Amino acid sequence: MPAPLTGGCLCGAIRYEIGAPVSALRACHCKNCRKSSGNHGTVNAVVPSGQFRITRGTTQKYDDSATLSGRTLSRHFCGNCGSPIYSHRNPDPGFVVVRAGSLDDSSGLKIATHIWTDTAMPWAHIDAAAERHPGNMPAPPTK
């Protein structure tokens, strides 16, 4: 979807803007994403850190250090309504992971990749045509 994209929380206290186009979504099936979402996991738009900006409000943050990857993941959410907004690893790898359900319009997007599929629940739908990884995404090739 072309930039800018906008989104926010359920109660409207948090608003944000994404300045980069988003072409696909990534679903995470790890236990921590299941717990934080109350669902099968999370569905996310991965965007460059510098292209994501909060335009209204201030998120609350939970630093999740019990991740399967061993990294600390800061999970940002609205302190009023509890809506999950985005997360990022520490240290910041240059991207944030924005919850697709918080976008104002995600109707033109499709899940292209599933990660942590080895821990997916049997009732989670994983499209056979999508890219799948039993753990995290593999590291990009070195140049």
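Keeping to pairs on different chains or 8 or more places apart, tell me how many lysine pairs in the chain have Cα atoms under 29 Å apart.
On the way: Lys31/Lys61; Lys31/Lys110; Lys35/Lys61; Lys35/Lys110; Lys61/Lys110.
Lysine pairs, 8 or more places apart or on different chains, close enough: 5.
Counted residue by residue at 0.36 nm each, then reduced by the alpha carbon distance between them, the extension gain from Arg56 to Ala112 reaches 17.2 nm. Across Asp104, Asp64, the residue with the most accessible area heads the list, and the full order at a 1.4 Å probe is Asp104, Asp64.
Over the chain, calculate the relative contact order: mean separation of alpha carbon pairs under 8 Å at least 6 apart, over the residue count, as a percent.
On the way: 307 pairs, mean separation 37.6, N = 143.
Reported relative contact order: 26 percent.
Once the C-beta distance of Ser23 and Arg71 is scaled by a Förster radius of 25 Å, the resulting FRET efficiency is 0.50 to the nearest 0.05. The accessible area of Ser69, taken with all protein chains in place and a 1.4 Å probe, comes to roughly 50 Å².
In terms of its C-alpha gyration tensor, the stretch 40-123 comes out rounded, because the ratio a/c of the largest to the smallest axis stays below 1.5. When the solvent-accessible area of the chain is split by element, carbon and sulfur atoms take up 52 percent of it, the probe being 1.4 Å. Excluding ligands, DNA and RNA, the accessible surface per residue across the stretch 96-137 is 55 Å² with a 1.4 Å probe. Rounded is the label for the chain, because the ratio a/c of its alpha-carbon gyration tensor axes (a ≥ b ≥ c) stays below 1.5.
With the convex hull of the Cα atoms taken as the outline of the stretch 74-117, the averaged projected area works out to 4.4 nm². Computed from the C-beta positions of Lys31 and Cys11 and an R0 of 25 Å, the FRET efficiency is 0.35 to the nearest 0.05.
So, R0 is 22 Å and r is the distance between the beta-carbons of Ile126 and Asp104; what FRET efficiency does that work out to, to 0.05?
Numbers: r = 26 Å, r/R0 = 1.20.
Plugging the Cβ-Cβ distance into 1/(1 + (r/R0)^6) gives 0.25.
Its DSSP H runs of at least 4 residues, each contributing -39,500 (n - 2.57), put the calculated 222 nm mean residue ellipticity of the chain at -1000 deg cm²/dmol, to the nearest 500. Taking Cα centre as origin and charging only the Cβ of basic (Lys, Arg, +1) and acidic (Asp, Glu, -1) residues, the dipole magnitude of the chain rounds to 220 debye.
The values are calculated or read from the model by the stated rules, or taken from the named source; none is laboratory data. All values derive from a computational prediction rather than experimental measurement. Every residue, glycine as well, gets a Cβ built from its backbone with ideal geometry; the counts of neighbours run over all protein chains shown. We work out accessible area using only protein heavy atoms, side chains counted, and drop any ligands, DNA or RNA first. Shrake-Rupley method; radii C 1.70, N 1.55, O 1.52, S 1.80 Å.
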